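Peer 1: Mind looking over this structure? Questions follow.
FYI, it's all coordinate maths here, none of it is from the lab. For clarity, every value in this text was computed on a predicted model and none was experimentally measured. Here the Cβ is made from the backbone with ideal geometry for all residues, glycine too, and neighbour counts use every protein chain on show.
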Amino acid sequence: MKWEGNRESENVEDGRASGGGGGFRLGGGSLGIGSIVIAVVAGWIFGINPLTILGIMSGGGGAPQTQQAPAHKPPKDDQMARFVSVVLADTEDVWRAKFREAGGTYREPKLHLFRGSTQTGCGAGQSAMGPFYCPADEKVYIDLNFYETMRTRLGAPGDFAQAYVIAHEVGHHVQKLMGITDKADSMRRRMSETQYNAMSVRIELQADCFAGVWAHDAQAARQVLEQGDVEEALNAATQIGDDTLQRKARGTIQPETFTHGTSAQRVSWFKRGLQTGSVPQCDTLQSREL
């Protein structure tokens, strides 16, 4: 991916100096990495926010709390921080233009770098959860060590695969601005877990499609793609499909527990956004087939 020398976003916060270690304080006690893994797996299987499960496991009624220092700008010599700053800036350029074309105004999200654990508007975030978007504070959160996990454990190397991750989470921010997130949250109370999981799949696939829209427009405007970049993103989408992850983890799959979509679905919707560059083409919520 051609990114060196491109504009860096001013919306990146570096909270890594205040990151936690193997556990984090919760009320009068702490939870270790084992509890975190249980919460993440349970959330994956049952479609429940891991932050909620961690709050229950701690014995408290509210979200887990952490103490941390104010975030600041990443150091200028941090290559990976510069990379994600450039990717975020590129998503800003694409979505600002898209919203302007539709007669709206794009509100830029923040990207918060952390290490170990961090407090968010949605509760206490953990590195074990992977990158995530919090609609309450409109921030994307990422522990950059996740990119090493992508390369060594998920079989998804490459800088464009890493950019796809950021673009997907920014896609969730776009959904927030479009009112999709609030609508989905209001519908959850009237749904069974299986029904909500099915809707969650559609929401995640739309974020994949939005990531493809970003790639389409970024390439058209700035020719950011190099040979092999698209294959990197498609491979990453394949490796993080629900069926692939479940098969690797336990040898079987349970479609009713899917929350992000199969590998084939994630690839298909990313490719749709990449090929068309059209936001209306990403309407997974109304599509008969995924």
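Peer 1: By counting other Cβ atoms within 10 Å of each Cβ, how are Arg222, Arg153, Arg16 ranked from fewest to most?
Peer 2: So the residues, fewest neighbours to most, are Arg153, Arg222, Arg16.
Peer 1: Expressed in nm to one decimal, what extension gain is obtained for the pair Asp283 and Gln227 from 0.36 nm per residue of sequence separation less their Cα-Cα distance?
Peer 2: 17.2 nm
Peer 1: Find which of Gly212, Val230, Gly251 sits farthest along the positive direction of the dipole of the stretch 201-264, computed with +1 on the beta-carbon of Lys and Arg, -1 on that of Asp and Glu, about the Cα centre.
Peer 2: Gly251
Peer 1: Let me ask something else about it. So what is log10(I(q)/I(0)) for the stretch 146-290 at q = 0.10, 0.22 1/Å, when the Debye sum runs over its Cα atoms only?
Peer 2: Log10 I(q)/I(0), no solvent term: -0.33, -1.42.
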